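Read through the structure below, which is laid out as structure tokens, and then see the notes.
The numbers here are math on the coordinates, done by the rules we state, and not lab data. Here the structure is a predicted model, which means the values were calculated and not measured. Note that each Cβ is placed from the backbone with ideal geometry, even for glycine, and that neighbours are counted across all protein chains shown.
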Amino acid sequence: SKLERIFTVNAMIAEERNILHLFQLILDNAILFSGARRGFVVIRSDVASEIGEPSSEVRLAEDRASEFAGHRIMAARNMNNENIMQQFPQISSTILKQSIGQEQMIYIQNAVEAFTEAQSVQNSKLLSVISFPLLERKQVIGAVYLDDPTQVDAFRAIDKNLIHAFARQASIAIANSR
């Protein structure tokens, strides 16, 4: 059942002390819960430096000198639980900035239509996107970004409360592992 899965996942991420493995667990389960095709854990550069060897700098479709350049992708996974970091994934800096800046989950049914002025969205031809901030002691340290570039409104059937609860649990697990 869904409730049993949530308890199992919460226990797994609560017990994981290797933060880089924790990021992968968070992504694999966020992708599973949401039905996303791929996902990313993006962390502030200063926090990433404290954690250890970062996986990659965020590859932004917008100007690298933007205020968002202070973040790094720490994990990138697909729906098959495979690492996709070597594919140089592009994600929307516009959507991430919005999620991080507003400190709330962003749910977008059709990003290309919703963000007509955003180069990062238009260049990537993004459709369905969910992004939620990761908080540590009430400070945003990064975000989880999930998308499905193949279909509009791909996340219509998800339980947004479940994703929100998972985001809170993921944030707690990250804080505890540091």
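Subtracting the Cα-Cα distance of residue 84 and residue 20 from their residue separation scaled by 0.36 nm leaves 21.6 nm.
When peptides 41-51, 12-22 are sorted by average Cβ neighbour count within 10 Å, with the highest value leading, the order is 41-51, 12-22. Sorting the segments 74-81, 143-150, 161-168 by their mean number of nearby beta carbons within 10 angstrom, highest to lowest, gives 143-150, 74-81, 161-168. Each principal axis of segment 1-44 carries a Cα extent, and these read 34, 26, 13 Å when sorted largest first.
Per residue, the chain reaches -12500 deg cm²/dmol at 222 nm when only DSSP H runs of four or more residues are counted, each adding -39500 (n - 2.57). Net charge in the neighbourhood of residue 25 (other residues with Cβ under 13 Å of its Cβ; Lys, Arg +1, Asp, Glu -1) is -1. Computed over segment 121-171, the percent of Cα pairs more than 13 Å apart is 63. In terms of distances greater than 22 angstrom between alpha carbons, the cross-link table entries 125/160; 97/138; 2/138 yield 125/160; 2/138.
For the pair residue 32 and residue 122, the difference between a 0.36 nm per residue extended length and the Cα-Cα distance amounts to 29.8 nm. Helices in the chain that qualify as membrane-span-like (whole DSSP H runs, Cα extent of at least 18 Å along the helix axis, mean Kyte-Doolittle hydropathy of 1.0 or higher) are 19-34.
Peptides 127-136, 169-178 ranked from most to least packed give 127-136, 169-178, packing being the mean of other C-beta atoms within 10 angstrom over each peptide's residues.
Within the chain, all pairs of alpha-carbon atoms sorted by distance into 5 Å bins from zero give the percentages 1, 9, 19, 23, 23, 15, 7, 2, 0, 0. Indicate, rounded to the nearest 5 percent, the antiparallel portion of the DSSP beta bridges found entirely in the chain. In the chain, DSSP labels about 95 percent of beta bridges as antiparallel.
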